[in-house]
Amino acid sequence: MGRVKIKRKSTLIDMTAMSDVTVLLLTFFMLTSTFLQKEPVIVNTPSSVSEIKVPTSELVTILVDQERRVFISIAGSQDSTWSSERVRKDVLIRAANLYNETHKNKIEFTQQQVNTFAKINMFGYPLASLGEFLDQPQSKQDELVDPSKNPNAGIPIDDNKDLTKPNEFQIWMNAIYNVSRDVMDKDGKTFESAIKKGEGIAIKADKETPYEVVHVVMDNLQTLKMNRFSLMTALKSEEE
C-alpha cells in the first residue's frame, strides 16, 4: 500500500493588516506623546511616593544645579491665544523694563531677538548680555548656557532681600508674575491663580544638590511673596 501524501499548506502569512495596525499605533503615540525638552543641565531628581503630576501648561520650572546656577522654563496656556511663545515674548519685554528701572546701563531687544527668545524652552543668561546671546546661532547658544563650557551660564541670584534693588532672578519672576495676570486658559482660569495655589511654580534640582543651594531659590521666592511652589521628584520604585 502506498504512503499517503499529506497536502502541504502554504506557510505564507499576510502581514498587511499587522503593518496597518503598527503604523496606526506609531502615529497615535507620536501625536499624543510629550517630548522631553532640552535642558542646559541634566539632573536626577530625588525619589518620593508623591503621584501628583506636574502640569504641562501654565507652569514656571526653575532648574537648579549643584553650583547654584539657575535656569527658567516658561510654559503658557494650551489655548493658542496665550501660547508659550507669546507668554515668553511678553515676559522678556517686561523683564527688560524692570531691569532698566534699577540699572544705569539700559538694555533693549530687537523684534528679532524677542522672537528668538520666544522659541527657547529654558533660558539662563545675564540680562546685560542676553541680546548678544540671542544673536548667536543655535549651536553657539547651547554652548553659552552649558555650565561645563561657560562658567557665566545661569541667571544671577543671591540672598537679596531689598526689592528696590532686585537681583536678576527676582526680576524674571516679577516679570512672569506680572504677565501671568493676563494669561487665561479656555476655562477662564488665569496663570496668576495657578501661581498663587502653588501649581504654577516647580523647582527641579538634582538629588545630590545641597539643601543650602535649593534654599536660596526658595528664599528668593518667599521674598517675592511667592510662598507656594512644588518640588519635582521621581516616583520611588519598590526597591527603594
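The values are calculated or read from the model by the stated rules, or taken from the named source; none is laboratory data. Everything numeric in this text was worked out from a predicted model, so none of it was measured. So basically every Cβ, Gly included, is an ideal-geometry build from the backbone, and we count neighbours across all protein chains shown. Surface accessibility is based on the protein's heavy atoms, side chains included, excluding ligands, DNA and RNA. Shrake-Rupley method; radii C 1.70, N 1.55, O 1.52, S 1.80 Å.
Things worth noting here:
- Counting the residues of segment 162-202 that are assigned to a loop (DSSP other than H, G, I, E, B), among the aliphatic types (A, V, I, L, M) and at pLDDT 90 or above gives 1.
- Taken as a whole, the condition of being assigned to a helix (DSSP H, G or I) and touching a residue at least 40 places away in the same chain (Cβ under 8 Å) does not apply to residue 114.
- Here residue 155 does not fit the description of being part of a loop (DSSP other than H, G, I, E, B), open to solvent by less than 30 Å² (accessible area, probe 1.4 Å), under 17 Å from residue 93 (Cα atoms) and without any contact (Cβ under 8 Å) to a residue 40 or more places away in the chain.
- In segment 185-228, the residues that are loosely packed, with under 13 Cβ neighbours inside 10 Å and within 13 Å of residue 82 (Cβ to Cβ): 186, 187, 188
- Test result for residue 95, within 17 Å of residue 127 (Cβ to Cβ) and either in contact with a strand residue (DSSP E or B) (Cβ under 7 Å, 6 or more places away or on another chain) or touching a residue at least 40 places away in the same chain (Cβ under 8 Å) (or both): yes
- Residue check, residue 106 open to solvent by 40 Å² or more (accessible area, probe 1.4 Å), without any contact (Cβ under 8 Å) to a residue 40 or more places away in the chain, in contact with a helix residue (DSSP H, G or I) (Cβ under 6 Å, 6 or more places away or on another chain) and in a loop (DSSP other than H, G, I, E, B): yes
- Extreme residue, nearest to the chain's Cα centre (by Cα), among residues of segment 97-128 that are aliphatic (A, V, I, L, M) and under 25 Å from residue 139 (Cα atoms): 122
- Exactly one residue out of 182, 79, 135, 90 is within 18 Å of the chain's Cα centre (by Cα), surrounded by fewer than 16 Cβ atoms within 10 Å (Cβ to Cβ) and at negative phi, and it is 79.
- Qualifying positions in segment 117-132 - of a type in the set (S, T, N, Q) and either part of a loop (DSSP other than H, G, I, E, B) or on the phi > 0 side of the Ramachandran plot (or both): 121
- Meets criteria (open to solvent by 20 Å² or more (accessible area, probe 1.4 Å), under 18 Å from the mean Cα position of the chain (by Cα), modelled with pLDDT of 85 or more and over 25 Å from residue 187 (Cβ atoms)) for residue 69: yes
- Qualifying residue in segment 167-176 (condition: touching a residue at least 24 places away in the same chain (Cβ under 8 Å) and open to solvent by 20 Å² or more (accessible area, probe 1.4 Å)): yes
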